[in-house]
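Engineer: Sending over a structure as structure tokens; questions will come in a sec.
The values are calculated or read from the model by the stated rules, or taken from the named source; none is laboratory data. Here the structure is a predicted model, which means the values were calculated and not measured. In this analysis, Cβ positions are derived from the backbone assuming ideal geometry, glycine residues included, and neighbour counts consider all displayed protein chains.
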Amino acid sequence: MTAPDRKALSFRIAFAALLGSLAMLGPFAVDTYLPAFGGMQVALGATPLEMQQTLSAYLLAFGVMFLFHGALSDSFGRKPVIVISLVIFTVASVGAALASNVHTLILWRVLQGMSTGAGIVVGRAMIRDLYNEEDAQRLMSMVTLFFGLAPVIAPIIGGVLFELFGWKSIFWFLAAVGAIIVFAGARLLRETLPEDQRQPFRPGPLLQGYREVGASRRFLLLSLAMGFNFNAFFLYILSAPMFLSTHLGLPPMAYSWLFIPSIAGILVGSQLSGRAAGRLSRAQTLRRAYTFMGASALANLAYSFAFTPSVPWAVMPIFFYAIGTAMAMPTISLTTLDLFPTRRGMAASLQGFVSGMLNTITAGVIAPAVFHDTRWMAVAMAAMMLAGFTCWRFYYKGTLHKAT
């Protein structure tokens with residue numbers, strides 16, 4: 001990749017599309033098969049708890065491996081880690097499609113979880129390897145669009161595949177997607193980390209790097225801020241069956257009432273983030289993002305306690321909140337990576353690990369605890385938004401204090 005290629009709009013779009021596709025694999029592997037839970041349970045003779053374990057095992061493996069993808073890419077290069085992980089994901093998807101019982105499916109799901117995080121982690125590091133702050137924010141905004149769309153469109157695709165071809169078709173679809181991206185990644189990706197900038201892959205230096213990054217107060221605040229911001233929105237995606245069917249009384253084919261506003265909000269927020277690059281400081285961009293998120297969470301809270309939920313009013317706050325979280329994500333990601341310029345892969349890994357653990361808690365604890373009542377859902381959304389804002393404010397005040 002020569003310098004002129006990197007600046008070309010066509011290259012940036014193609015590069016963002018490839019990295020965005022990598023980032024989408026993780027959410028796709030979670031959300032695509034959710035509409036088939038009931039059918040899979042019957043077909044595999046599984047209990048509800050065993051079906052839940054297919055999700056929990058994936059999320060646990062996904063979160064744990066987040067700790068290692070970036071460190072491996074810091075030592076062996078970005079491209080090998082991505083391509084090998086994609087091959088593993090493709091093989092695991094084929095195995096899941098061929099599974100004849102739930103225990104075999106769980107094993108393949110663990111392997112899927114171990115491999116899908118590489119695209120998210122290493123992709124972020126590659127962007128910062130190649131681009132300065134302004135261009136990196138624009139490119140990260142494009143990737144955020146793909147990443148944010150995944151949990152919204154994945155259940156739609158999964159539902160259609162399940163209805164037409166059965167649950168196995170979902171995993172064959174994931175295998176096909178993995179194979180396509182393996183081919184594209186092997187052909188199109190170029191290594192972005194020179195050999196003279198790689199870190200030694202030995203226990204001592206690795207542990208030193210984990211201590212350096214993980215013990216950083218500023219790193220933890222930024223990682224928690226991004227995790228809380230996203231999960232306040234993700235809560236409604238996870239709770240879609242209850243929120244749309246039970247509370248709003250919509251049939252399955254009317255789920256677009258949630259998904260279309262979510263997609264639109266992510267699209268608008270990503271565009272606003274890209275436009276802000278070079279025009280607004282990171283602090284100014286985040287203030288605007290939190291204005292969207294805060295106003296949306298408060299409006300959602302007021303509406304949920306004052307009225308019986310109905311469309312379109314119940315989903316309008318989610319649209320505006322999606323704008324805010326899509327604006328904030330690229331800026332927070334880049335700020336986190338810039339804290340450790342020689343260990344960007346490790347920083348991206350640990351950032352993803354923190355966010356992944358919050359996703360797991362939201363999926364396994366928070367969503368089931370609140371999705372029976374839209375008022376409690378609104379409270380949870382506002383609480384997570386406030387937690388994210390508080391983390392960012394503590395980081396920002398600490399940065400100002402350090403600068404004076």
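Engineer: Which count do you get for residues in the stretch 98-120 that are within 24 Å of the chain's Cα centre (by Cα), modelled with pLDDT of 90 or more and among the aliphatic types (A, V, I, L, M)?
Structural biologist: Counting residues in the stretch 98-120 that are within 24 Å of the chain's Cα centre (by Cα), modelled with pLDDT of 90 or more and among the aliphatic types (A, V, I, L, M) gives 6.
Engineer: I would also like to ask the following. How many residues are touching a Ser or Thr at 6+ places or on another chain (Cβ under 9 Å), surrounded by fewer than 16 Cβ atoms within 10 Å (Cβ to Cβ) and closer than 22 Å to Y303 by Cα when one looks only at the stretch 225-253?
Structural biologist: 1
Engineer: Another question about this same structure. Do we have any residue at all in the stretch 353-371 that's of a type outside the set (A, V, I, L, M), more than 16 Å from the chain's Cα centre (by Cα) and either modelled with pLDDT of 90 or more or over 23 Å from F68 (Cβ atoms) (or both)?
Structural biologist: Within the stretch 353-371, one or more residues are of a type outside the set (A, V, I, L, M), more than 16 Å from the chain's Cα centre (by Cα) and either modelled with pLDDT of 90 or more or over 23 Å from F68 (Cβ atoms) (or both).
Engineer: Please verify whether D129 is in contact with a Leu (Cβ under 8 Å, 6 or more places away or on another chain) and either of a type in the set (A, V, I, L, M, F, W, C) or closer than 30 Å to F340 by Cα (or both), treating the condition exactly as stated. It would help to see each step written out before you state the result.
Structural biologist: Numbers: in contact with a Leu (Cβ under 8 Å, 6 or more places away or on another chain): yes; either of a type in the set (A, V, I, L, M, F, W, C) or closer than 30 Å to F340 by Cα (or both): yes.
Taking the combined requirement at face value, the residue satisfies it.
Engineer: List every residue pair whose Cβ atoms sit under 6 Å apart, with the two residues 6 or more apart in sequence or on different chains, where the first one lies in the stretch 323-347 and is assigned by TED's automatic domain parsing to the domain that holds F259 and more than 17 Å from L130 (Cα to Cα) and the second, anywhere, is in a helix (DSSP H, G or I) and among the polar types (S, T, N, Q).
Structural biologist: Listed pairs, sorted by first residue: T325/N229; A326/T144; A326/S270; M327/S273; A328/N229; M329/T144.
Engineer: Of these, L222, L207, L193, which one is buried (at least 16 other Cβ atoms within 10 Å of the Cβ) and outside any loop (DSSP other than H, G, I, E, B)?
Structural biologist: Values: L207 fails: buried (at least 16 other Cβ atoms within 10 Å of the Cβ); L193 fails: outside any loop (DSSP other than H, G, I, E, B).
L222 is the lone residue from the list that is buried (at least 16 other Cβ atoms within 10 Å of the Cβ) and outside any loop (DSSP other than H, G, I, E, B).
Engineer: Mind checking which residues of the stretch 292-323 are exposed (fewer than 14 other Cβ atoms within 10 Å of the Cβ) and not in a loop (DSSP other than H, G, I, E, B)?
Structural biologist: A302, F305, A306
Engineer: Mind listing whichever residues of the stretch 331-354 are surrounded by fewer than 24 Cβ atoms within 10 Å (Cβ to Cβ) and polar (S, T, N, Q)?
Structural biologist: Result: T335, T342.
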